[in-house]
1. So for the range 152-173 (the condition being in the same structural domain as Leu78 (by the TED database), under 23 Å from Ala371 (Cβ atoms) and either open to solvent by 10 Å² or more (accessible area, probe 1.4 Å) or at pLDDT 95 or above (or both)), does at least one residue qualify?
2. Identify, please: which residue in the range 322-332 is in a helix (DSSP H, G or I) and modelled with pLDDT of 95 or more and is, among those, surrounded by the fewest Cβ atoms within 10 Å (Cβ to Cβ)?
3. Name the pairs whose Cβ atoms lie under 6 Å apart, with the first residue in the range 114-135 and farther than 29 Å from Gly178 by Cα, the second buried (at least 21 other Cβ atoms within 10 Å of the Cβ), and 6 or more positions between them or separate chains?
4. Of the numbered conditions (1) of a type outside the set (Asp, Glu); (2) open to solvent by less than 10 Å² (accessible area, probe 1.4 Å); (3) modelled with pLDDT of 95 or more; (4) within 21 Å of Val69 (Cα to Cα), Gly143 fails exactly one; give the number of that condition.
5. When you go through Thr227, Thr185, Thr215, Thr138 one by one, which is the residue that is touching a strand residue (DSSP E or B) at 6+ places or on another chain (Cβ under 6 Å) and among the polar types (S, T, N, Q)?
6. Please indicate, with yes or no, whether at least one residue in the range 350-363 is of a type outside the set (A, V, I, L, M, F, W, C) and open to solvent by less than 30 Å² (accessible area, probe 1.4 Å).
Amino acid sequence: MTLAPAADTPATAPAGTPARAVTGTTNVLPPLHIGPLVIDTPVVLAPMAGVTNAAFRRLCRESGAGLYVAEMVTSRALVERGEESMRIISHEPDERPRSVQVYGVDPATVGAAVRLIASEDRADHVDLNFGCPVPKVTRKGGGAVLPWKRDLFASIVRAAVDAASPYGVPVTVKMRKGIDEDHLTYLEAGLVAQDAGVAAVALHARTAADYYSGTADWEAIARLKETVTDIPVLGNGDIWSAEDALAMVAQTGCDGVVVGRGCQGRPWLFADLAAAFAGSGTRVRPGLGEVAGVVRRHAELMVEHFGEENKAMREMRKHMAWYLKGYVVGGALRAQLGLISTLAELDDRLAQLDLDQPYPGAAAEGQRGRAGSPKRPSLPDGWLDSRDLSDDFRRALEEAELSVSGG
């Protein structure tokens, strides 16, 4: 379902959003170049586990323009050709460019996984995840804390680039600022990645300790842009609206933006972003009837993707609160929508909504998804004692290669 854009008037910032206003749309960016790929609207959908599958990516593509990255897949599972991993990296015939994100801690395994993707023509772009802050990964030395071991980081990135280069597939890196404010790695990692031949770097402007809390440090994105000068630098963190994206570009000088939680339950955000980067103030402001139509289409696409109605509806449950944020919906009906098992149940419960309800404004905008509070990073004993990787740590890192969300 295509949503009609609202009037061509600038939107106001959602309540509670940090004061980062930018007037007008004068900071419009040129197309984003990632190796041979040209992304007309310099916007990337961040990979999110359980969210950015083929169904959700289609909704986003139908709304706007950009680069849409599939859910993260671990290199080990991909090399072993696990059924779910192969499903994750599958794309629809008309999906171009095809983008996947790989997570791994062993250079040889990462290289093999990227070679599989590139040699079998399964994607046009590979992103490497060094942003995951999840304790079960960081306590093994993986994710956002891995760049602390600089030689290991460099080896993984080089292995991926070397595996993809013969096939013309560009490799990019997504990372965080570092472990915490006393152990930052992003500037050094950005230079290492650039020297290794990656096509772009993206920074989620939080540390592993920040998790998803507080306000993203956009000044760190600006510093990375000043440091890494030969390839595009993308900014990630606290983009809840098109106005936030323009503000980030104006403040940091970044070459494009990466959008994660801000599009949860709002695939039409990519229409707003496309308009904003084209210099237009047009924004999509759907009433509840239009939202219900998108929910129904999302559910249909999920059934197509999973091939099983019950599994698809279980996966849809998490999306309900995101889609309905700000709209007046009774608590009992909200709960029922979060328990759907069939399309028929979904139709019944959507029909009970006040489908004439207009867009609620700021109540539907702003932060969504997980936030939480800062966490002391879980690290292997002695991880911070050296920037070099011992044999013991190398063995422990193999256990960090888990199917977890990116950061």
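The values are calculated or read from the model by the stated rules, or taken from the named source; none is laboratory data. This structure is a prediction, so every number in the text was calculated from the model and none was measured. Glycine also receives a Cβ, built like all others from the backbone with ideal geometry; neighbour counts cover every protein chain displayed. Note: areas computed on protein heavy atoms with side chains; ligands, DNA, RNA excluded. Shrake-Rupley method; radii C 1.70, N 1.55, O 1.52, S 1.80 Å.
1. Scanning the range 152-173 turns up no residue that is in the same structural domain as Leu78 (by the TED database), under 23 Å from Ala371 (Cβ atoms) and either open to solvent by 10 Å² or more (accessible area, probe 1.4 Å) or at pLDDT 95 or above (or both).
2. Ala332
3. These pairs meet every condition: Ala118/Ala164; Ala118/Val169; Arg122/Ile89.
4. Unmet condition: (3).
5. Exactly one residue qualifies, and that residue is Thr185.
6. Yes; the residues of the range 350-363 include at least one that is of a type outside the set (A, V, I, L, M, F, W, C) and open to solvent by less than 30 Å² (accessible area, probe 1.4 Å).
One line per residue, one yes/no per condition, for (1) at negative phi; (2) assigned to a helix (DSSP H, G or I); (3) open to solvent by 50 Å² or more (accessible area, probe 1.4 Å):
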| position | (1), (2), (3) |
| --- | --- |
| Val257 | yes, no, no |
| Leu273 | yes, yes, no |
| Ser280 | yes, no, no |
| Gly289 | yes, yes, no |
| Arg297 | yes, yes, yes |
| His305 | yes, yes, no |
| Ala312 | yes, yes, no |
| Lys318 | yes, yes, yes |
| Ala344 | yes, yes, yes |
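Yes or no, residue by residue, for (1) in a loop (DSSP other than H, G, I, E, B); (2) more than 20 Å from the chain's Cα centre (by Cα); (3) among the β-branched types (Val, Ile, Thr):
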| site | (1), (2), (3) |
| --- | --- |
| Glu71 | no, no, no |
| Ala77 | no, yes, no |
| Arg87 | no, no, no |
| Glu92 | yes, no, no |
| Gln101 | no, no, no |
| Ala108 | no, yes, no |
| Arg122 | yes, no, no |
| Val126 | no, no, yes |
